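> Dumping the structure here so I can ask a few things about it.
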Amino acid sequence: MKRFMSDEGSSSGFADLFAPPTEILFAGNTLDDAKKVGQEQCRHIVVNVQDVEEFASMTLNRDTWSDRKLKNLLKDKFVFCQCFQSSDFGREIQMLYPGHKNPSVHILDPRTGELLHSWSSIKPIGGLPAKQVIAKLEEIIKQVSLKPKRIREQEPVFSVGGDSEEDSALAAAIAASLQESPAKKPSKRAKVDEEKVEVHSLVSSPEESLPANGSQGTESKVNWAELYKDEPKEPELGVVGAMKLRIKLPDNSVCTRRFLLKDKVQCLHDFIRWKVKETHTRDYEIGLSYPAKILEDASLTLEDEKLRGAQVFVNWIGADEE
């Protein structure tokens with residue numbers, strides 16, 4: 001199979017028969033590259049991970065990706081990537097979306113990295129019919145729109161004979177509020193697991209105690225520095241059900257961390273409190289930039305919040321007012 005892949009000892013006609021569809025392939029080297037282009041051009045991502053030892057990888061090139069209608073659809077509406085499972089790109093896909101035997105095909109949302117559909121363990125005979133792929137791609141285009149929704153701004157209505165200065169000030173305030181990013185607005189504090197709060201109360205000390213959750217004026221006091229002195233346990237590379245999450249911290253630096261899909265959002269809070277010591281004394285929020293969303297319920301799982309392959313941000317609450 002390796003000899004076949006490198007075209008050694010085979011005629012040019014035979015090699016061309018199983019050649020990859022280079023004319024429609026994305027030229028980037030990472031999933032982040034593909035997501036950036038997908039977001040800019042409002043295109044979903046299609047990734048074909050191939051296995052050099054599986055002949056089905058070659059028949060996909062010959063029978064599926066060579067279909068003219070499918071090629072045109074991928075070229076016009078999608079970011080189409082093809083990689084070997086042993087490449088850096090292939091390993092990244094397998095880590096983010098584990099449990100799929102190659103060759104496999106994945107359809108991803110470029111904004112969040114959410115896995116919308118996949119085919120795996122594709123066989124060399126029968127394989128993956130082009131018509132089946134076309135039907136699914138067209139279905140996803142209709143159901144998962146990538147075009148930003150326009151918000152109709154309603155002009156403020158003022159009473160006749162009202163104070164013109166007050167009207168002008170109100171109009172300016174409304175205009176400013178409409179321009180605010182939803183993800184930057186102060187939100188309710190994330191709800192912390194009752195079990196976690198109970199543990200906090202057990203380790204708090206009167207001498208070195210800090211307000212629970214970094215908020216002021218609460219009755220429950222916790223020694224956050226003592227509680228989060230040790231780094232939370234991280235799943236090992238390759239563990240089934242693990243995912244990699246990119247986290248943008250308040251200082252604009254970005255770190256990556258593996259979690260389990262079944263982990264609760266509380267686990268993300270635990271990591272951030274260990275990573276960013278300032279969270280021991282300041283209110284913060286965790287959210288997604290797009291779609292704009294604050295993770296308010298710490299009892300939900302990361303899978304519930306659809307965070308697989310996503311990037312979240314950590315903001316200080318009230319930072320804009322300082």
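> Give Phe89, Phe55 a once-over and let me know the one that is within 23 Å of Asn29 (Cα to Cα) and modelled with pLDDT of 90 or more.
Just a single option satisfies the conditions, and that option is Phe89.
> Looking at the range 282-295, which of the residues that are at pLDDT 90 or above and not basic (Lys, Arg) is surrounded by the fewest Cβ atoms within 10 Å (Cβ to Cβ)?
Filtering the range 282-295 for residues that are at pLDDT 90 or above and not basic (Lys, Arg), the one surrounded by the fewest Cβ atoms within 10 Å (Cβ to Cβ) comes out as Asp283.
> Of all the residues that make up the range 67-123, how many are of a type outside the set (Phe, Trp, Tyr) and either part of a strand (DSSP E or B) or not assigned by TED's automatic domain parsing to the domain that holds Val49 (or both)?
13
> Also: From Asn48, Asn72, Asn29, grab the single residue that is touching a Leu at 6+ places or on another chain (Cβ under 9 Å) and either in contact (Cβ under 8 Å) with a residue 40 or more places away in the chain or over 15 Å from Gly127 (Cβ atoms) (or both).
Asn48
The values are calculated or read from the model by the stated rules, or taken from the named source; none is laboratory data. In this text the structure is predicted, and so the values were computed from the model without any measurement. Heads up, the Cβs are rebuilt from the backbone with ideal geometry, glycines too, and the neighbour counts pull from every protein chain shown.
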